[in-house]
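The values are calculated or read from the model by the stated rules, or taken from the named source; none is laboratory data. A quick note: this is a predicted structure, and the numbers were derived from the prediction, not measured. Please note: Cβ atoms are built from the backbone with ideal geometry, for glycine as well, and neighbour counts cover all protein chains shown.
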């Protein structure tokens, strides 16, 4: 069941207890007792590798060590949902119907029924839960769980219908608005999505995460100006994630403003100087607008971080474009040295150039 040497990760990426735990599982032995926090670090490792067998075995031992820890029980359900282990989740959730925070097992059971394709059972259980939690004054959570599950399955029209019912029963609130907005975006209902977004903006907090999330919805709707406005506002609130910058570059590019896209890309590179995610995008934009000084600067930056066949060929091609054949040859020669000569594509292009321009070879 457990494969030897399956994990090829640097040591510092592991939970400090992971190796001992994993070795015990491989030998079909019980791991040593660990606290909940440490076990959850091990769960994260198995989730990262999508190692479902090891995760399931770890759940068994975790519950043996901490049988009544409600935080652990709820987190296990969240992990099962993340792994799309819907049958596991259903069978697990029904065992914990009587814990204090039983709403989580019950909503997990509801989601599992939907994802297992048992829609009739799911809607029947939904009616039961509405009755139970209406009496407790906690009905909103049931509507949230049902509408989120329907959205995740792309049953967006059904999700919208549930949300409309929720609004009539428990009133309008922002979290439900987000689910409804995602549903409209998924079915490309721009009219309703934009109208809802307008209402949401008036009651959103000064949390930049909210404005980033709203911008992504606008981007999905191809409403680039609205997306740019939301992302730029998020920046004023302190947002500076790599995802924000890449989305903002995309928006400016698609909104026919490559100069601004390149400006944002350079700003991002200053904040994240060692990332290779944005520099190639910036090079493409710089080539399109013929900002050649920027192109060479960005290419050299990549070479300084992680030299590759593609980047040396790209630099050589740019020199060729300007008739700088000697510099193109030198670039390819530098590439062979940097990459230790094991590169057929560079060798081929270098051979072609040296045969055409033998007098330029040092």
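When region 136-146 is examined, which residues are found to be more than 13 Å from residue 119 (Cα to Cα) and buried (at least 20 other Cβ atoms within 10 Å of the Cβ)?
142, 143, 144, 145
Here are some residues: 315, 260. Which one is part of a helix (DSSP H, G or I), touching a helix residue (DSSP H, G or I) at 6+ places or on another chain (Cβ under 7 Å) and buried (at least 19 other Cβ atoms within 10 Å of the Cβ)?
Being part of a helix (DSSP H, G or I), touching a helix residue (DSSP H, G or I) at 6+ places or on another chain (Cβ under 7 Å) and buried (at least 19 other Cβ atoms within 10 Å of the Cβ) holds for just one of 315, 260, which is 315.
Yes or no: residue 104 crowded, with 21+ Cβ neighbours inside 10 Å and under 30 Å from residue 204 (Cβ atoms)?
When the stated conditions are applied, residue 104 does not pass them.
Among residues belonging to region 330-359 that are touching a residue at least 24 places away in the same chain (Cβ under 8 Å), surrounded by 15 or more Cβ atoms within 10 Å (Cβ to Cβ) and farther than 19 Å from residue 304 by Cα, point out the one that is nearest to the chain's Cα centre (by Cα).
349
When you scan region 3-26, how many residues do you find that are surrounded by 10 or more Cβ atoms within 10 Å (Cβ to Cβ) and either modelled with pLDDT of 50 or more or assigned to a helix (DSSP H, G or I) (or both)?
14
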